[in-house]
Amino acid sequence: MTANHKGVTLVGTPCQIIAAAKMEHYPETLGESPVDFKLGLFCMENFSHSYLKEFLKQNEIEMDDVDQFRVEKGHFWAYLKNGDVFKTPLSKAKACMRKNCQVCVDYTSELADLSVGSVGSAQGWSTLIARTEKGLKALQNAENKGYIETKPLEQSGLKLLENLANKRKRNKGEIRKRESVARPVIYRRYMSDAEFETEVASCQFDDLKSDVIDIGGCVLCGACYYACPENIISIEDRKPQLKGNCPPECNLCYVACPRTYVSQEVLNRDLDQKALGDYLKIVSARATNVEGQDGGVATALLNYILDENVTEEVVVVDKSEENPWKPEAILTSDTEEVKKAAGTKYSACPVFKVLKDNDNKEKEVS
C-alpha cells in the first residue's frame, strides 16, 4: 500500500475510528496508516439514506427541503428551509437505522485522539474529550491560539453523557440476541494480537461477506476498499462487493474491517467498564470565530489543524450536490471546504474510499 496520505486527520464515527486504529496498529500487514490524527464524533446511531428519504416522504417532506437534522431529547428533528420544524419520537425513526448500529457499544469514539459531541454541554457548546497526549496537545494549542474557548464540564452534564454512553448495555442485549440464533458478533471477542493473527490468517473477502456484510454488521466505512491491494473491492450505494478473485493468502480487507476481530491490544476490554473510555481531559468548548452546529468546535479544530500544519489534509463528510443529504467524503486542505462540510449528516459514508481514490488518481498522473 502507498503512504501518500501520512498526515491526514480523519473526522469519523466510532466505528470509522476503530478502523483507523486497526490500520495504525498493523502497519506491517496493512502498510503505513493514512491517518495521523483521529477526531471522533459522538454517535448513537446512523441512518440509511434511502430509508430516511422514504420516511420523510411519508411525512410529505423532501430531502431537499431540509436545512438541518438533529437527534436529541429522544426525538428526531428536521429543520426545514422554510422555517418549519418536523419532530417525531426517535422510536418512529428507528426503522431507518442501519443494523450495524445495534451492535455498536461505543458512543463517544473511545479510540480517537479527540472526541466531540453536543451531549453534556449547554446549548451552543460541545463536549470535548482529549484521550491521547496528541489530542490533549491539540486541545490546549487550539485554545491558546484562540480557535476555541473552554470551560469545565458541569457535573450534571457529565452524568447525562455517562448515562447515554451506556448504550453499550442495551446493545449488548442485541449482541446476545443475535448470537442466540448463530449470528456471531465477532468484533467484541476477547483475544490477543497473536490469537488475532492466527484467526484471520486465511480469512478473505468471502469470509468478510459471511461474517460481517451478510449479517448486517458492515458499517460502510470503506476500510476494506482502502486495504485491498488488487483494487477488486467496490463500494457503490450500499454493500462492498468483490469484482475479481482474491490472490492467495491475502487477508487485508478482513484485517482492516472494524467489525471483524479487534484484539485487546487495539481495543482494551477494560473500556467495557468505563462509560466514556479512557481520557486525559474533558471540557465544554465552543469556537471563537466560527458559527456552526453545537458551537462549531469540530470546524474550529480542523481549521487549527490545517492552519498550524498538524496534518496536511483532513477527511470530512460533505453533502452530495446531486443527491440532497447524501453524505460524500472529501479530502481537503482548504478551510473553506471544511466550513462548507460542517454539520452532522446522520447517514453512513465510506470515508476511507476517498483516500484510495485519491491515491489512484495520483498514480495515474505520475
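The values are calculated or read from the model by the stated rules, or taken from the named source; none is laboratory data. Because the structure is predicted, anything quoted here is derived from the model rather than measured. Virtual Cβ from ideal backbone geometry, glycine too; neighbours counted across all protein chains shown. Side chains included, ligands, DNA and RNA excluded: accessible areas come from the protein's heavy atoms. Shrake-Rupley method; radii C 1.70, N 1.55, O 1.52, S 1.80 Å.
Picking from residues in segment 232-244 that are assigned to a loop (DSSP other than H, G, I, E, B) and either modelled with pLDDT of 95 or more or under 28 Å from residue 51 (Cα atoms) (or both), the one that is most open to solvent (accessible area, probe 1.4 Å) is 238. When the test is whether a residue is open to solvent by 60 Å² or more (accessible area, probe 1.4 Å) and at pLDDT 85 or above, residue 195 passes it. Restricting attention to segment 164-185, which residues are farther than 11 Å from residue 276 by Cβ, open to solvent by 60 Å² or more (accessible area, probe 1.4 Å) and in contact (Cβ under 8 Å) with a residue 60 or more places away in the chain? Hit for segment 164-185 is 172, nothing else. Scanning segment 6-57 for residues that are touching a helix residue (DSSP H, G or I) at 6+ places or on another chain (Cβ under 7 Å), at pLDDT 95 or above and among the charged types (D, E, K, R) yields 22, 38. Reported count of residues in segment 164-208, each being part of a loop (DSSP other than H, G, I, E, B), closer than 25 Å to residue 108 by Cα and in contact with a helix residue (DSSP H, G or I) (Cβ under 9 Å, 6 or more places away or on another chain), is 5. Residues that are out of contact with any strand residue (DSSP E or B) (no Cβ under 7 Å at 6 or more places or on another chain), open to solvent by 60 Å² or more (accessible area, probe 1.4 Å), in a loop (DSSP other than H, G, I, E, B) and farther than 29 Å from residue 139 by Cβ are absent from segment 15-35 altogether.
Taking the conditions (1) in contact with an Asp or Glu (Cβ under 6 Å, 6 or more places away or on another chain); (2) open to solvent by less than 10 Å² (accessible area, probe 1.4 Å) in turn, residue 288 satisfies each one other than (2).
Every condition in (1) over 27 Å from residue 174 (Cα atoms); (2) assigned to a strand (DSSP E or B); (3) without any contact (Cβ under 8 Å) to a residue 40 or more places away in the chain is met by residue 68 except one, and the failing one is (3). Of all residues assigned to segment 268-281, none qualifies as being touching a Leu at 6+ places or on another chain (Cβ under 7 Å), open to solvent by less than 70 Å² (accessible area, probe 1.4 Å) and assigned to a helix (DSSP H, G or I).
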